[in-house]
Amino acid sequence: MGFSLLKTRVAQETLGAALAGYLRLVRATNRFVVEPADIYARVRDDLPLIVAMWHGQHIMIPFSRPDWMPACSLVSRHGDGGFNAVALRRLGIGAIRGSGALGRKIREKGGASAFLAMMRRLKAGETMVLTADIPKRARIVGPGIIALARASGRPIHPIAVVTSRRIDFRSWDRASIGLPFGRGAIVVGEAILVARDADEAASEAARLALEAGLDAVHARAYALVGARDPGAGLRQTGGDGADGAA
């Protein structure tokens, strides 16, 4: 395997700082509406939370964190995870390295150790922010986030952050990154609770409820900025047909 300059600490710090600076510009130059308007006041007494998003929204999600909410995010060990972690740190959000997976890949991707780290952060009062679907299975909620809610007793809130001016990529998750000087929407769904003694049927019901909640907040957020969710329907197609940027 050849040496990659982009994997060096200096490169990761530089790229992360640049991304954080760009996201601050996007946040400052877009007029955001929050729905429900009183959601932050409503959840303040329920902290910490588990905040769920679809893959593809991870770039924009820092906009949703109020300054008074300590938060940490699950960030992939691979690919662009390094500079994403740096960007999050510069935006006031901690990072746990690992990602969701199934079967034998859980250990390879750091899923087990990341799960324990997330439990510790929640116990310490930090809200956990993570994607609900696992890589290459777009818009299908994986078991990890439901297990985290069951083990921690913390509520899950689905969330979507969208801007009217943005770049939509033709990636497997239909990732988006906002552009400056537009309008934005932050939409938060109702809490989904998973009982500590939830059996397989109850856990599956919670998983399906989270899928429906995430679909609803994304549809609403895009509607508020006069657009349609480019990832709608990916669950039915299996997330295929995605390679490269638009």
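Here are the numbers:
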read-out	value
Criterion: in a loop (DSSP other than H, G, I, E, B) and either at pLDDT below 95 or within 27 Å of Phe32 (Cα to Cα) (or both) - qualifying residue of Gly82, Gly56	Gly56
Which listed residue, of Lys123, Lys105, is farther than 30 Å from Gly178 by Cα and modelled with pLDDT of 95 or more	Lys123
Hits in the stretch 70-90 (condition: surrounded by fewer than 19 Cβ atoms within 10 Å (Cβ to Cβ) and in contact (Cβ under 8 Å) with a residue 40 or more places away in the chain)	Pro70, Arg89, Arg90
Those residues of the stretch 132-160 which are closer than 26 Å to Asp80 by Cβ, surrounded by 23 or more Cβ atoms within 10 Å (Cβ to Cβ) and of a type in the set (Gly, Ala, Ser), in sequence order	Ala132, Ala138, Gly144, Ala160
Conditions (1) farther than 19 Å from Leu210 by Cα; (2) buried (at least 23 other Cβ atoms within 10 Å of the Cβ); number of the one not met by Ala41	(2)
Odd one out for Arg174 among (1) at pLDDT 95 or above; (2) buried (at least 23 other Cβ atoms within 10 Å of the Cβ); (3) under 17 Å from Ala132 (Cβ atoms); (4) within 18 Å of the chain's Cα centre (by Cα)	(1)
Set Ala191, Ala205, Ala212, Ala201: member being among the aliphatic types (A, V, I, L, M) and in contact (Cβ under 8 Å) with a residue 24 or more places away in the chain	Ala191
The stretch 24-47, residues that are within 18 Å of the chain's Cα centre (by Cα) and not in a helix (DSSP H, G or I)	Val34, Glu35, Leu47
Unmet criterion (only one of (1) within 21 Å of the chain's Cα centre (by Cα); (2) loosely packed, with under 15 Cβ neighbours inside 10 Å) for Lys7	(1)
Flag if Val161 is of a type in the set (Val, Ile, Thr) and either closer than 15 Å to Leu130 by Cα or in contact with an Asp or Glu (Cβ under 7 Å, 6 or more places away or on another chain) (or both)	yes
Test: residue in the stretch 190-207 that is surrounded by 23 or more Cβ atoms within 10 Å (Cβ to Cβ) and under 15 Å from the mean Cα position of the chain (by Cα)	no
Cβ pairs under 8 Å, 6+ apart, first in the stretch 9-28 and farther than 12 Å from Ala85 by Cα, second among the polar types (S, T, N, Q) and modelled with pLDDT of 95 or more	Val26/Thr163
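The values are calculated or read from the model by the stated rules, or taken from the named source; none is laboratory data. Computed from a predicted model, the values in this text were never measured in an experiment. So basically every Cβ, Gly included, is an ideal-geometry build from the backbone, and we count neighbours across all protein chains shown.
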